[in-house]
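*Asks:* Dropping a structure here in structure tokens format, bear with me for questions.
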């Protein structure tokens with residue numbers, strides 16, 4: 001199966017694994033699963049770090065990326081067509097980062113790994129969520 005990690009799942013995997021559900025922990029440990037992250041999450045991390053709204057355990061965003069790049073997470077490049085068609089996604093959620101991840105998961109038929117209850121409104125658009 002293919003999964004896309006929401007930004008908080010990505011961060012919790014490294015800095016607070018106890019916050020992950022048992023389901024997510026099992027998925028992350030299953031070698032048969034492909035676990036992707038989006039560069040959009042890196043952008044969100046960078047912005048929040050720059051605004052002092054996010055701590056990375058003493059790391060800079062660049063250092064975090066180096067650790068991430070050596071991990072089992074796979075980068076799902078941003079596809080221009082997904083960026084230009086994101087307006088088609090209904091506005092159940094206002095956060096632009098989350099909206100992009102939702103759209104990316106729907107269009108690639110990935111299951112989104114997320115504890116964000118606000119994304120549940122996208123089930124009617126085909127979003128699959130695991131938590």
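*Asks:* Here are the criteria: (1) surrounded by 13 or more Cβ atoms within 10 Å (Cβ to Cβ); (2) within 19 Å of residue 111 (Cα to Cα). Tell me which single one residue 54 does not satisfy.
*Replies:* The number of the failed condition is (2).
*Asks:* Of all residues in the range 17-55 being within 29 Å of residue 80 (Cβ to Cβ) and part of a loop (DSSP other than H, G, I, E, B), which is farthest from the chain's Cα centre (by Cα)?
*Replies:* Looking at residues that are within 29 Å of residue 80 (Cβ to Cβ) and part of a loop (DSSP other than H, G, I, E, B), I get 51.
*Asks:* May I ask you to list the residues in the range 1-22 that are in contact with a strand residue (DSSP E or B) (Cβ under 6 Å, 6 or more places away or on another chain) and surrounded by fewer than 16 Cβ atoms within 10 Å (Cβ to Cβ)?
*Replies:* 2
*Asks:* Would you be able to say whether some residue in the range 1-16 is closer than 26 Å to residue 126 by Cβ, in a loop (DSSP other than H, G, I, E, B) and in contact with a helix residue (DSSP H, G or I) (Cβ under 7 Å, 6 or more places away or on another chain)?
*Replies:* The answer is yes; a qualifying residue exists.
*Asks:* Can you find, within the range 111-121, the residue that is farthest from residue 37 (Cα to Cα) among those that are buried (at least 22 other Cβ atoms within 10 Å of the Cβ) and within 11 Å of the chain's Cα centre (by Cα)? Don't jump to the end; show me each part of the working.
*Replies:* We begin by selecting, within the range 111-121, every residue buried (at least 22 other Cβ atoms within 10 Å of the Cβ); these are 112-114, 119.
From what's left, within 11 Å of the chain's Cα centre (by Cα): 112-114.
On the way: 112: 10, 113: 10, 114: 12 Å.
By that ranking, first place goes to 114.
*Asks:* Let me ask something additional. So, in the range 90-115, of the ones that are in contact with a helix residue (DSSP H, G or I) (Cβ under 6 Å, 6 or more places away or on another chain) and at pLDDT below 95, which residue ends up farthest from residue 15 (Cα to Cα)?
*Replies:* 92
*Asks:* May I ask you to list the residues in the range 62-110 that are loosely packed, with under 12 Cβ neighbours inside 10 Å, over 15 Å from the mean Cα position of the chain (by Cα) and in a loop (DSSP other than H, G, I, E, B)?
*Replies:* Of everything in the range 62-110, those that are loosely packed, with under 12 Cβ neighbours inside 10 Å, over 15 Å from the mean Cα position of the chain (by Cα) and in a loop (DSSP other than H, G, I, E, B) turn out to be 70, 90, 91, 94.
*Asks:* While we're on this one: Which residues, counting only those in the range 55-89, are modelled with pLDDT of 95 or more, under 16 Å from residue 16 (Cβ atoms) and touching a helix residue (DSSP H, G or I) at 6+ places or on another chain (Cβ under 6 Å)?
*Replies:* 56
The values are calculated or read from the model by the stated rules, or taken from the named source; none is laboratory data. All figures in this text were calculated on a predicted structure; none of them were measured in a lab. When we count neighbours, we look across all protein chains shown, and the Cβ atoms used for this are built from the backbone with ideal geometry, even at glycine.
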